[in-house]
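One structure is given here, and the rest of the page talks about it.
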Amino acid sequence: MADRPPLPPFTPTTAAQKVQAAEDAWNTRDPQRVALAYSEDSVWRNRDTFLTGRAEIVAFLSAKWAREREYALRKDLWAFDGNRIAVRFQYECLDTDGRWWRAYGNELWEFDAHGLMTRREASINDVPIEEGERRIHGPRPEAEKGHVLPPE
């Protein structure tokens, strides 16, 4: 099995790198690419959906991004310890009915020794927004990497 650096135990620098790598991957909206960051038997809770394994992750993400168009995400390192990272995030998307949404959430991640995520717990709340209220437009520009998310 190939390693997926950075590897635990995490430092402030490597935890931030892991979070940015996840944000960058999710912003590709490529389920196959994103799933490679998770172990073959990774366990997820995403809102009220429970998944196990890469195949279920790929199917879930494919359906997600079919209905969440123009998806753009920002993640922010909240805390870390050993092989675990806590993240807060916001993303915006356009639904299939033409309505804009901003999602606010928290994730808890656990990694194996190879740097693959074995567990992901996500709690997410959605807020309808007007197009003019959008503040996330595509992947994060290089100059904004490392910036903290807005508080609201």
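Listing for the model above:
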{"read-out": "Extension gain (nm, one decimal) between residue 40 and residue 97, 0.36 nm per residue minus Cα-Cα", "value": "17.1 nm"}
{"read-out": "Accessible-area ranking of 88, 119, largest first, probe 1.4 Å", "value": "119, 88"}
{"read-out": "Rounded Å value of the spacing that divides the Cα centres of the stretch 3-33 and the stretch 93-152", "value": "14 Å"}
{"read-out": "The stretch 74-125 - accessible surface per residue (Å², probe 1.4 Å)", "value": "43 Å²"}
{"read-out": "Relative contact order (percent, whole number), the chain, Cα cutoff 8 Å, 6+ residue spacing", "value": "26 percent"}
{"read-out": "Residues whose placed amide H lies under 5 Å from that of residue 42, excluding near-sequence neighbours", "value": "53, 54"}
{"read-out": "Segment residue 131-residue 104, extension gain: residue separation times 0.36 nm, minus the distance between their alpha carbons", "value": "8.0 nm"}
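The values are calculated or read from the model by the stated rules, or taken from the named source; none is laboratory data. Computed from a predicted structure; not experimentally measured. With ligands, DNA and RNA removed, areas are computed over all heavy atoms of the protein, side chains included. Shrake-Rupley method; radii C 1.70, N 1.55, O 1.52, S 1.80 Å.
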